[in-house]
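Asks: Below you'll find the structure I mean.
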Ligand SMILES: [Cu+2]
């Protein structure tokens, strides 16, 4: 009786624990959370597609593991020396050999179809509403807003050291100047680097692209939800690689227009910042 009660109690505790973990995983959007067990909440079409693909693969992998484990168990139990003292001596079975060649091929085809679909979605840029240029440096990011889209300024984005954090700012993710962009707009992101290779990555957007000196890479996103989203440089780039986070604040269209006006004054002194003024139409033609 006591034992059963104890078991029941551990089971309840386990269920509560898993529930708490699931709750935790959903608690903080746009950033990792303690005990998170799945991917970060997706907020773009591409990120949703990535999650679906991930879940499909999880099912396929799970079924293969279960199948192979069952075969192993059968072999161990039924064909051990004791249970099967005189083994058969055949070494070929044409039907089986065809099956174990064809079935994996079919599984790969099932994986390939959504995989290529996702790649198309990521790599073929839809017509964009806004362009921003991202330049990686050792060890911070520079964001440029094109002149012909109400911008014409650029600024640096540095992480906030742990002893200067305000309430609610996550350590090693919060930055002084966030990349501000509007919700439900297709944003073309042009990525390059000024020194070594870095990578611009935003898990909630399903976005990761290399920042390579002398090369202009392009990607895109369309965020469905306002909020603050965090990412990190994702290619080891030197001693302070862990100290160049990415913070994107997605705001309403009205707020974005206000921010553009404020930022124009705030970053006026940075105008050009030694860089040629950025014009989206000129960059888009590349
Ligand atoms: Cu980096």
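Asks: Tell me, what is the percent relative contact order of segment 118-170, built from C-alpha pairs under 8 Å that lie six or more residues apart?
Replies: Relative contact order comes out at 21 percent.
Asks: Among 188, 171, rank each residue by its count of other Cβ atoms within 10 Å, from fewest to most, as a rough exposure measure.
Replies: In increasing order of surrounding Cβ atoms, one gets 171, 188.
Asks: Now for a separate question. Tell me, 115, 33, 204 in order of fewest to most beta-carbon neighbours within 10 Å?
Replies: Placing the least packed residue first, the sequence is 115, 33, 204.
Asks: Hey, fewest Cβ within 10 Å first, where do 196, 191, 103 land in order?
Replies: 103, 196, 191
Asks: Any chance you could get the radius of gyration and Dmax over the Cα atoms of segment 26-165, in Å?
Replies: Reported Rg and Dmax, both Å: 26.2, 83.
Asks: Send over the semi-axes of segment 45-123's equivalent ellipsoid, whole angstrom and largest first, taken as the square roots of 5 times the C-alpha gyration tensor eigenvalues.
Replies: 39, 16, 5
Asks: Still on this model: What whole-number value in cubic angstrom gives the convex hull volume per residue for the C-alpha atoms of segment 127-240?
Replies: Numbers: hull volume 12.5 nm³, N = 114.
Given the Cα convex hull of segment 127-240, per-residue volume reads 109 Å³.
Asks: Right, another one. Could you give the nm distance between label points at residue 75 and residue 239, where each point is 7 Å from its Cα heading toward the beta carbon?
Replies: If labels sit at residue 75 and residue 239, their model points lie 5.3 nm apart.
Only the coordinates and a few stated rules stand behind these numbers; no lab work does. Small disclaimer: the values here were computed from a predicted structure and weren't measured. Here Cβ is always computed from backbone atoms with ideal geometry, including for glycine, and neighbour counts include all displayed protein chains.
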